[in-house]
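Okay, so here's the structure we're looking at.
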Amino acid sequence: MNGTGPAALPVTGLVAFLSYHLLQRTIELALSRTNARRLLARGAREHGPGHFPALVVMHALFPVALVIEVVMLGARPGRFTWGWLALFAGAQLLRMASQRALGELWTARVIVLEGAPRVRSGVYRWLKHPNYLAVAIELLSAPLMFGAWRTAVVFSIANAFALRTRIRCEEQALAGAESEGRQAQDPALPEPLR
């Protein structure tokens, strides 16, 4: 990314990535907080708040691990750096498309407005969980841009376990919300016909 040879510390690239990462997460958390407040004011409920702190810790440790691997363990960008960068950029576009499709329904937490129909527009026409796919791609490609394979492996595995819980929670919450929406539309119908 910069420097005179393969052993040079990629300072510019690492600082640029970390700055982008911090700015992006700050903006997303502010947006999430705003959307959560609006949803809760409209009667939405949060589901599975117990797993959220583990996600926060994982995402907070990610840049720390990346810096340690690059600065202290000597990870360096390899010949596929530009490919990993392209994959990372694609993940960012997918993340933005997901947030755009969800609009005010997007939050970092699982907050569901009961009776609201499931979003099936935008990128959700083709993918069930595009934001989670974007995060998975990001946690793999971002460290590999710097040759930090240990960080890529550890955080990809941690993310897979976290998403297993998260997606199950979200699916149950959305199914419950849709069920309540059908019941509210016609409470006289028996459950299987709603």
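The values are calculated or read from the model by the stated rules, or taken from the named source; none is laboratory data. This is a predicted model, so every value here is computed, not measured. For neighbour counting, all protein chains shown are included, and Cβ atoms are generated from backbone atoms with ideal geometry for every residue, glycine included. Please note that ligands, DNA and RNA were not included when accessible areas were found on the heavy atoms of the full protein model with its side chains. Shrake-Rupley method; radii C 1.70, N 1.55, O 1.52, S 1.80 Å.
With every protein chain present, what is the per residue accessible area of the chain (1.4 Å probe, Å²)?
Accessible area per residue, the chain: 56 Å².
Helix by helix through the chain, keep the DSSP H runs that span 18 Å or more along the axis on Cα and average at least 0.5 on Kyte-Doolittle, and give those back in order. Spell out each step's value before the answer.
Numbers: long enough: 11-41 (45 Å, 0.52); 52-67 (24 Å, 2.17); 81-102 (32 Å, 0.57); 130-145 (22 Å, 1.18); 149-185 (51 Å, -0.21).
In the chain, the long hydrophobic H runs are 11-41, 52-67, 81-102, 130-145.
Starting from the Cα of PHE161, move 7 Å in the Cα-to-Cβ direction to define the label point; list residues of region 37-59 whose amide nitrogen is under 13 Å from there.
Counting only backbone N, you get 54-55, 58.
What does the C-alpha gyration tensor say about the overall shape of the chain? Classify as rounded when a/c is under 1.5, otherwise prolate if a/b is larger than b/c, or oblate.
Note, shape of the chain comes out prolate.
Restricting to DSSP H runs of at least four residues, report the calculated mean residue ellipticity at 222 nm for the chain, -39500 (n - 2.57) per run over all residues, nearest 500 deg cm²/dmol.
-22000 deg cm²/dmol
Most fluctuating residue of LEU66, LEU31, LEU23 in a GNM of the chain with Cα springs under 10 Å: which is it?
LEU23
Given a 1.4 angstrom probe, I'd like the percentage of the accessible area of the chain that is carbon and sulfur, rounded to a whole number.
Ligands and nucleic acids excluded, carbon and sulfur give 67 percent.
Quick one: if the Förster radius is 25 Å, what FRET efficiency do LEU22 and GLU46 give, using the C-beta to C-beta distance and rounding to 0.05? Write out the running numbers ahead of the final one.
Values: r = 26 Å, r/R0 = 1.02.
FRET efficiency, LEU22 to GLU46: 0.45.
Normalised by the residues of the chain, what does the relative contact order come to in percent, with Cα pairs under 8 Å and at least six apart?
That works out to 28 percent.
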